[in-house]
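Visitor: Input: one structure, supplied below.
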Amino acid sequence: MKKLTYLLIIIFFISGCATAPRKEAVSFGGVTRSINGVGYVPASAVIQSYNANHTWDPIARKLIIEKNGREAIFCVGADAALINNSIKKMPAAVKMDSGKIMIPASFASLVLKELFPPPIISTRRKRPIPYKGKYAIRTIVIDPGHGGRDPGAISSIGIKEKDIVLSISKRLKSYLQKEGIKTILTRDNDRFISLWRRSHIANENNADFFISIHANASRTKYVNGVEVFYLSEAVDDFARATAAAENAALQYESSSFNKFKPKSAVAATLGDMLSDENRRESIELAKCIGGGMSKSLSLRDRGVKGARFYVLKGAQMPSVVVEVGFLSNRKEAMKLKDKNFQQRLTKAIADGIVLYKHRYEKTDGFTRPR
């Protein structure tokens with residue numbers, strides 16, 4: 001009986017019925033693209049826009065998008081979809097392009113809008129209710145890496161890491177302050193700051209955690225993706241290479257910054273002990289941010305790793321380095337330069353931070369079950 005039902009569904013997909021939407025398609029966050037003259041949108045953007053759940057069957061090449069008991073079923077190569085057990089014809093077949101499932105944009109923006117109506121959002125923003133417990137997260141410090149005489153990584157077409165991370169960090173501050181989190185930038189313009197001074201700014205402001213934003217680079221041009229680091233011994237050659245590249249900023253420092261370094265071996269040891277104590281929270285923070293970036297933006301998730309970043313060594317709180325992509329990869333460099341992509345990337349990082357804040361406060365600093 002199950003085989004017969006499945007066979008009928010396949011027949012319905014192939015046959016379909018003429019219910020193609022007539023109105024012009026809208027863009028999903030600026031990611032609509034043309035394939036053979038037809039506008040398409042990545043399924044991941046559709047799922048995110050409608051805040052829906054999904055299941056992907058790689059064998060049958062079938063995608064199920066579900067929300068509130070309603071579902072839409074798509075098959076790669078089929079020009080019809082099963083919408084709540086009703087066949088709906090599409091203007092073109094579902095395609096697989098560069099590893100992404102692509103759905104006709106007009107169908108996604110009209111038919112799925114009726115199936116998964118977005119919630120009505122009030123234009124009047126509600127201020128978040130602050131958590132007042134012992135483990136409340138109130139202040140964070142965001143560090144845009146490099147700056148001034150230190151450009152950081154530079155792409156083959158001249159895109160500088162220091163400019164990209166400053167733009168993202170400013171956007172991130174705006175997002176987080178709307179969530180009721182006091183956010184301080186180590187720099188808000190193009191100037192050089194010592195690696196030791198950056199973490200010292202976080203300590204001076206009693207920050208609850210410290211995030212340093214960077215863009216990656218590799219000698220191998222095809223390497224891509226996002227990754228987040230916490231302070232620890234490097235876990236692989238890539239982690240060691242990334243730390244070495246970011247620590248190269250030490251060459252730009254002068255002796256005037258020595259006052260921010262540990263004054264004795266005892267102070268350095270105490271700092272290392274504090275880093276060990278903060279490691280669990282740092283790993284949790286890294287997971288929340290890294291997962292948010294890869295899922296929301298369909299970027300390769302290179303994982304959470306440990307490495308010896310000097311910018312993290314002086315921080316007296318949980319701290320991470322966020323690598324938002326590879327400037328050595330031409331395609332990813334162009335994405336990072338795009339303002340719309342920066343906005344989406346920033347939101348993904350902010351969502352990860354807010355998720356961490358929620359989990360941390362809900363579990364009293366991870367001392368009790370969620």
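Computed from the coordinates by the stated procedures, all read-outs in this text should not be read as laboratory data. Just so it is clear, the model here is predicted, and its values are computed rather than measured. Because the Cβ atoms are built from the backbone with ideal geometry, glycine has one as well, and the counts that use them run over all protein chains shown.
Visitor: How many nm is it between the label spots at residue 343 and residue 97, if each spot is 7 Å from the Cα in line with the beta carbon?
Guide: 2.1
Visitor: What is the sum of charges, Lys and Arg at +1 and Asp and Glu at -1, for the other residues whose Cβ falls under 15 Å from the Cβ of residue 337? Let's see the in-between values first.
Guide: Values: positive: 160, 162, 171, 330, 331, 335, 339, 344; negative: 161, 163, 332, 338.
Net charge around residue 337: +4.
Visitor: While we're here: Using packing as a proxy for protection, rank 357-369, 330-342 so that the peptide with the highest average count of other Cβ atoms within 10 Å comes first.
Guide: 330-342, 357-369
Visitor: At a Förster radius of 35 Å, what calculated FRET efficiency corresponds to the Cβ-Cβ distance of residue 203 and residue 362, to the nearest 0.05?
Guide: After rounding to 0.05, the efficiency reads 0.85.
Visitor: Find out how many positive minus negative residues lie around residue 221, taking Lys and Arg as positive, Asp and Glu as negative, among other residues whose Cβ is under 11 Å from that of residue 221.
Guide: Around residue 221, the charge tally is +2.
Visitor: Which peptide among 66-73, 161-168 comes first, and what is the full order, when sorted by highest mean count of other Cβ atoms within 10 Å?
Guide: Top of the packing list down: 161-168, 66-73.
Visitor: On full extension of the chain, what length is gained from residue 55 through residue 33, given 0.36 nm per residue of separation minus the C-alpha to C-alpha distance?
Guide: Contour length minus Cα-Cα distance gives 5.6 nm.
Visitor: To the nearest 0.05, what FRET efficiency results for residue 174 and residue 301 with a Förster distance of 22 Å applied to their C-beta separation?
Guide: Working: r = 25 Å, r/R0 = 1.16.
The value I calculate is 0.30.
Visitor: How large is the Rg to Rh ratio of segment 26-116 when both quantities use alpha carbon positions and Rh follows Kirkwood?
Guide: Details: Rg = 11.7 Å, Rh = 12.9 Å.
My calculation puts Rg/Rh at 0.91.
Visitor: While we're here: Taking segment 135-234 as the region of interest, what is the percent of Cα-Cα pairs per 10 angstrom bin, listed from the shortest bin to the one with the maximum distance?
Guide: Reading upward from the zero bin: 14, 43, 33, 9, 0.
Visitor: Post the alpha-carbon centroid distance, segment 161-186 to segment 345-370, in whole angstrom.
Guide: So the two Cα centres are separated by 17 Å.
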